[in-house]
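Below is one structure, written out as structure tokens; comments come after it.
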Amino acid sequence: MTIKVFGHKAPDTDSTGSPIIWAWYLTEVAGTPAAPALLGEPNTEAAFVLERWNLEKPQIIQDVSEGEAVVIVDTNNPAELPDNINAADIRGIIDHHKLVGGLETKGPIDITVRPLACTATLMVDLMGEHAAKMPEPIKGAALSCILSDTLEFRSPTTTDRDREVAAQLAGELGIDMSAYAGELFAAKSDVSSFSDAELIRMDSKKYEVGGKNFRVSVLETTAPEIPLSRKGSLMESMPGVASEDGVDEVLLFVVDILKEEATLLVPNDTVKTVAEKSFGATVEGDSVVLPGVMSRKKQIIPNLAL
């Protein structure tokens, strides 16, 4: 029996790298055969990481079989997992997000949820002395996850432990963190080939606020002018995406990594109300800049109000 390890839908770097890291640990250290999987195509940054560290792209799956052994990483939210996730045999959860509820297990399991910026940081800690055994590609994946999730330590979710683990990994790999982070963010920013709907869904999660369901999308980039030049067509595509995805509205935040601010597109009065009540913003026109807003987990989701 091989345990399947996967993260959330619309996999970013952490949800692509962490299944690879933990599947390696389970197989090579714990002696439990495991294989990483993805719930969709990796984003451009995650695809860059796979190529940079010569890592095989995990199998892409849509669902899991009844009774199939799985470990869930980088999420505990059923909305971000296969519809039949509760039919699987969930063996463990490793995450750094708030508890949402709704997952059911066949029996007692190991669950680790810690207030760190990155799942990979948590995994290194769980490995203990065995973390030193990670081969270079696995260390490279872990470093990539941390730099991505912390936005090179700019995100308010960053902890001292994230910094410590990243510095240790970079030292062992002989990597200049700042230069490598620049490569990651350049890959993340290369979105010109994606349709409007693909951009909206690329890094997005569903949340309920005040009785309405939102798809909260975040585009982290060092070149905000690229997605913002498509502002009109992106807003025109939002109602269709919302309808197809079974939500009421799309909230699209374009995060400027270097300026450390977000631009929220404002296609209608509902989103205008969200911007004003959630962030104390004064909205004039079809977008609003939110200084200092970088993190969906810590700054966007907790503040959303109608």
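The values are calculated or read from the model by the stated rules, or taken from the named source; none is laboratory data. Everything numeric here is computed off the predicted structure, so don't read it as measured data. Heads up, the Cβs are rebuilt from the backbone with ideal geometry, glycines too, and the neighbour counts pull from every protein chain shown.
Matching residues to (1) in contact with a Pro (Cβ under 7 Å, 6 or more places away or on another chain); (2) of a type in the set (A, V, I, L, M, F, W, C); (3) without any contact (Cβ under 8 Å) to a residue 24 or more places away in the chain; (4) assigned to a strand (DSSP E or B):
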position	(1), (2), (3), (4)
MET238	yes, yes, no, no
VAL241	no, yes, no, no
VAL247	no, yes, no, no
PRO267	no, no, no, no
VAL271	no, yes, yes, no
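The residues of segment 83-123 that are within 22 Å of CYS145 (Cβ to Cβ) and either part of a loop (DSSP other than H, G, I, E, B) or outside the structural domain of ILE60 (by TED's automatic domain parsing) (or both), listed by number, are HIS96, HIS97, LYS98, LEU99, VAL100, ARG114, PRO115, LEU116, ALA117, CYS118.
For LYS4, the stated conditions do not hold, so it cannot be described as crowded, with 19+ Cβ neighbours inside 10 Å, farther than 17 Å from ILE138 by Cβ, under 12 Å from the mean Cα position of the chain (by Cα) and in contact (Cβ under 8 Å) with a residue 12 or more places away in the chain. The residue list LEU50, LEU38, LEU26 contains one member that is farther than 20 Å from LEU173 by Cβ and in a helix (DSSP H, G or I), which is LEU26. Which of the residues spanning segment 288-306 are crowded, with 18+ Cβ neighbours inside 10 Å and more than 23 Å from the chain's Cα centre (by Cα)? Passing the criteria: only VAL288. Being of a type in the set (D, E, K, R) and in contact with a helix residue (DSSP H, G or I) (Cβ under 8 Å, 6 or more places away or on another chain) is a property that holds for ASP95.
Taking the numbered list (1) of a type in the set (A, V, I, L, M, F, W, C); (2) at positive phi; (3) not in a loop (DSSP other than H, G, I, E, B) in turn, ALA187 passes all entries but (2). For segment 203-229, a tally of residues being surrounded by fewer than 20 Cβ atoms within 10 Å (Cβ to Cβ) and over 21 Å from PRO302 (Cα atoms) returns 6. Against the conditions (1) basic (Lys, Arg); (2) part of a loop (DSSP other than H, G, I, E, B); (3) over 23 Å from the mean Cα position of the chain (by Cα), LYS259 satisfies every one except (3). Checking each residue in segment 131-156 for being buried (at least 21 other Cβ atoms within 10 Å of the Cβ) and not in a helix (DSSP H, G or I) picks out MET134, LEU151, SER155.
Under the condition of being surrounded by fewer than 22 Cβ atoms within 10 Å (Cβ to Cβ) and polar (S, T, N, Q), the residues counted in segment 8-59 number 5.
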